[in-house]
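Only one structure is covered here, and it is reproduced in the block below.
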Amino acid sequence: MAIQRMDNALIVVEDLDAVIAFFVELGMELEGKGPLEWQGAERVIGLENVRQDVAMLRIPGATGGIELAKFHAPQPITPEPKDAPANTLGLRRVMFAVDDIDDVVARLRAHGAELVGELVQFENIYRLCYVRGPEGIVVGLAEQLN
């Protein structure tokens, strides 16, 4: 038995539209957005009386994506600290390969993003950085060098 693919990663957010705009600016495509009306979802996620809106974003021409969820009920729980450092247990970031890291960082800054550390070069292979976007979401960016 083997894994077939990774379909998506879920990020629970408060401001669905702001986070959608951030990932669209990164280059993802909004596949769909609306209320999740499937009652089976409660059984899957182990919560009762769920009301949520979801958005699916995909990487153009590739498999995998990001699912965003805004819970209206039950109330979402805010982790502490809000902008957790890189050594905090749990999922810390998602990484994307990009063509022009300087351009991507500049465009994401228009959506309130900030560098977590520095933009650095790893040997003659990659330029890398972490960007903290809306709601503290950390995205890794990697530009492969020729």
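Just so it is clear, none of the values below were taken in a lab; they were calculated from the coordinates. Here the structure is a predicted model, which means the values were calculated and not measured. Here Cβ is always computed from backbone atoms with ideal geometry, including for glycine, and neighbour counts include all displayed protein chains.
Here are a few things to note about the model shown:
- In the stretch 39-66, the residue that is farthest from L91 (Cα to Cα) out of those that are of a type in the set (A, V, I, L, M, F, W, C) and loosely packed, with under 10 Cβ neighbours inside 10 Å is A62.
- Candidate set: the stretch 113-127, residues that are in contact (Cβ under 8 Å) with a residue 24 or more places away in the chain and either crowded, with 18+ Cβ neighbours inside 10 Å or touching a helix residue (DSSP H, G or I) at 6+ places or on another chain (Cβ under 7 Å) (or both); chosen: the one farthest from E25 (Cα to Cα): R127
- Test: residue in the stretch 109-118 that is acidic (D, E), touching a Gly at 6+ places or on another chain (Cβ under 7 Å) and within 26 Å of N8 (Cβ to Cβ): no
- Residue pairs meeting the criteria (Cβ under 9 Å; at least 6 apart or on separate chains; first without any contact (Cβ under 8 Å) to a residue 12 or more places away in the chain and more than 16 Å from I77 (Cβ to Cβ), in the stretch 34-52; second β-branched (V, I, T) and in a loop (DSSP other than H, G, I, E, B)): Q39/V50; A41/V50; E42/V50
- In the stretch 1-14, the residue that is surrounded by the fewest Cβ atoms within 10 Å (Cβ to Cβ) out of those that are of a type outside the set (V, I, T) and within 21 Å of F96 (Cβ to Cβ) is R5.
Let's see how each residue does on (1) of a type in the set (D, E, K, R); (2) on the phi < 0 side of the Ramachandran plot; (3) out of contact with any strand residue (DSSP E or B) (no Cβ under 8 Å at 6 or more places or on another chain):
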position	(1), (2), (3)
Q4	no, yes, yes
D7	yes, yes, no
V19	no, yes, no
F22	no, yes, yes
E37	yes, yes, yes
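- Considering V139, V94, V104, the condition of being in contact (Cβ under 8 Å) with a residue 60 or more places away in the chain and surrounded by fewer than 16 Cβ atoms within 10 Å (Cβ to Cβ) is satisfied by V94 alone.
- Some residue of the stretch 21-31 being of a type in the set (D, E, K, R) and exposed (fewer than 11 other Cβ atoms within 10 Å of the Cβ): no
- Selection count, the stretch 86-100, where residues are closer than 17 Å to V24 by Cα and either more than 17 Å from the chain's Cα centre (by Cα) or in a strand (DSSP E or B) (or both): 6
- Residues of the stretch 53-91 classified as touching a residue at least 40 places away in the same chain (Cβ under 8 Å), of a type outside the set (D, E) and either in contact with a Phe, Trp or Tyr (Cβ under 9 Å, 6 or more places away or on another chain) or closer than 20 Å to D17 by Cα (or both), total: 10
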